[in-house]
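What follows is calculated from the coordinates using simple rules that are stated; it is not laboratory data. Note that this is a predicted model, so its numbers are computed, not measured. Cβ: placed from backbone, ideal geometry, glycine included. Neighbour counts: every protein chain shown.
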Amino acid sequence: MEEKLKQEPSNIIKIVMFGPESTGKTTLAKALAKYYDTVWVPEYAREYLQEKWNREQKTCEPKDLIPIAIGQMEFENTLTKSANKVLFSDTDLLETKVYSEAYYTGSCDPLLEKYALQNTYDLYFLTYIDVPWEKDDLRDKPNEREAMFSYFENTLQRYNKNYVLLKGDIETRISLAIQQIDKLLKKHDDTNRNR
């Protein structure tokens, strides 16, 4: 099972959209993937939990977290192979770890935690809560957005993750994201040229 949680090695830039529910992560991942003519990794948890909700009218339970993590890494490892220089992920295992701790009294499966911290990304875009909250079958914390945002930001800081805060409308966010990504691409190209 551990192999299924491991990130396969690659030479592309990996960027994660990171933040509380309903803060524009999917919209951003899709737009940036289109701009850079590459692929993006959807959030496996949405697919998995929507099917569960439709089948059982139940939300996420602790027993769901490892299957969700395995599905997320399968998506990522598969899509990495077809990415063009950069891969955008709508989430990662660190986000799953945050939700596990926030929902289940601070606990996280040790295996999930191990790979949440071991898998690496070049940059996180932390999405702020200044976009309207949109209700769906899975979202359930409209009144806890500030607390959840703080939890996400504190997690990035605690583990020394390279991140940029994105605020404002989608155009503002995309513009700032592109500036940051272009810097990463230039550095990546320069490093590869000097090898």
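Within the stretch 53-100, take every residue that is under 19 Å from Phe149 (Cβ atoms) and part of a helix (DSSP H, G or I) and give me the one that is farthest from the chain's Cα centre (by Cα).
Ser100
Based on what the data block shows, is Tyr103 touching a residue at least 12 places away in the same chain (Cβ under 8 Å) and over 14 Å from the mean Cα position of the chain (by Cα)?
Yes: the conditions hold for Tyr103.
Kindly evaluate Val39 against the criterion of being among the β-branched types (Val, Ile, Thr), over 23 Å from His188 (Cβ atoms), in contact (Cβ under 8 Å) with a residue 40 or more places away in the chain and surrounded by 17 or more Cβ atoms within 10 Å (Cβ to Cβ).
In short, no.
List pairs: first in the stretch 1-26 and within 16 Å of Met148 (Cβ to Cβ), second part of a loop (DSSP other than H, G, I, E, B) and of a type in the set (Asp, Glu), Cβ under 6 Å, 6+ apart or cross-chain?
Met17/Asp90; Ser22/Glu134; Lys25/Asp90
Could you identify the single residue in Lys30, Lys25 that is farther than 24 Å from Tyr103 by Cα and within 18 Å of the chain's Cα centre (by Cα)?
Matching residue, one of Lys30, Lys25: Lys30.
Just to be sure before I move on: is Thr191 exposed (fewer than 13 other Cβ atoms within 10 Å of the Cβ) and in a loop (DSSP other than H, G, I, E, B) in the structure I sent?
Criteria not met by Thr191.
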